[in-house]
Amino acid sequence: MSAPPETDEPGHLTSPEKVSTSGYGLPVYILIVGLLIITAYFAYELIFRRTKGVAAGGPRFIIAGPSGSGKTSLFTLLRYGKKSTTLPSVEQNLTAKFRLPNLPDTAKPFVLIDTPGHQKLRHGMFSALQTAQAARTVLGVLYVVDASAMSRPERLREAAEYMYDILRITERVQGGTDVLVAANKSELFTAVPAKRLRTLLETELYKIRESRAKSVSKVAAGGEKDDEDDDNEDVVGGSGWIGKRGEKGSFKLEDLETEVTVIDGSVDNGKIDAWIGWMEERAVN
């Protein structure tokens, strides 16, 4: 490649136009405009096209859950049929070519979305779910939890808090949107069995509902509003009563419009047939 044409030394220049040129003879402002256009293009590709991909397309399943529960590993196993070591996701993973193994080859592929579990990144999941519900394209939510950590109060609380916010959205449509609580890592000694996990989640969801209802009452009475509610008034941290109105002292998942199923499984051991069966039931109905 030939070298770019040389420019005169500054002392030999006779006009401002010559001062504002690059080594290739182009005005600097043209190069700046070009860089801005290229930057804008890549921003569009990385952000808007990804968002459009979430909103467009056919029927879909959405994977959600707290960070470290095994969501991306499940996405990889479902999509490619093999396990892999993954790191916590900071953005959505999406495929529009997901096929369920026991459906005919002629069946149309589904959209499968894996969403980040970190608390500050969950807005993408809420947006994807709300958009899919509005378009009537969501078939179900796979809510993945680490069953081996559910005996620890702080981890159970985190899982229940996130689940509560999801249920607030699924309850907005008649009949709800089905949710599978995929109790991952069930092979570990400390894993909480599915039946026991359902009871623990119901107890924790009840506590969250009562706590948030009291917070709303304080605001109505002139109390101060939490910063969390200011930032996430529509979904995260808001009250959004779920379950039977006026019901005190208990909370049952079967009282919801949303059908919630809790099933043991293990991504590491490839024990996900029951989860796939749950997906296939919703794909054909």
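A few notes on this one:
- Of the residues examined, Val145 is not one that is open to solvent by less than 50 Å² (accessible area, probe 1.4 Å) and under 13 Å from Thr258 (Cα atoms).
- Region 251-279, residues that are open to solvent by 40 Å² or more (accessible area, probe 1.4 Å) and under 28 Å from Ile208 (Cα atoms): Lys252, Glu254, Asp255, Glu257, Glu259, Asp264
- All positions within region 108-125 that are open to solvent by less than 10 Å² (accessible area, probe 1.4 Å) and assigned to a helix (DSSP H, G or I): Met125
- Members of region 47-87 that are modelled with pLDDT of 80 or more and hydrophobic (A, V, I, L, M, F, W, C): Phe61, Ile62, Ile63, Ala64, Leu74, Phe75, Leu77, Leu78
- Verdict on Thr203 being of a type outside the set (Phe, Trp, Tyr), under 20 Å from Glu259 (Cα atoms) and crowded, with 22+ Cβ neighbours inside 10 Å: no
- One residue stands out among those in region 148-158 that are open to solvent by 60 Å² or more (accessible area, probe 1.4 Å) and in a helix (DSSP H, G or I): the one that is farthest from Met125 (Cα to Cα), which is Pro153.
- Matching residues in region 165-198 - criterion: being without any contact (Cβ under 8 Å) to a residue 60 or more places away in the chain and within 29 Å of Gln130 (Cβ to Cβ): Arg172
- Flag if Thr95 is open to solvent by less than 50 Å² (accessible area, probe 1.4 Å), more than 30 Å from Leu156 (Cβ to Cβ) and at pLDDT 90 or above: yes
The values are calculated or read from the model by the stated rules, or taken from the named source; none is laboratory data. Just so you know, these numbers come straight off a predicted model, no measurement behind them. Cβ coordinates were reconstructed from backbone atoms using ideal geometry, including for glycine residues, and neighbour counts include every protein chain displayed. Please note that ligands, DNA and RNA were not included when accessible areas were found on the heavy atoms of the full protein model with its side chains. Shrake-Rupley method; radii C 1.70, N 1.55, O 1.52, S 1.80 Å.
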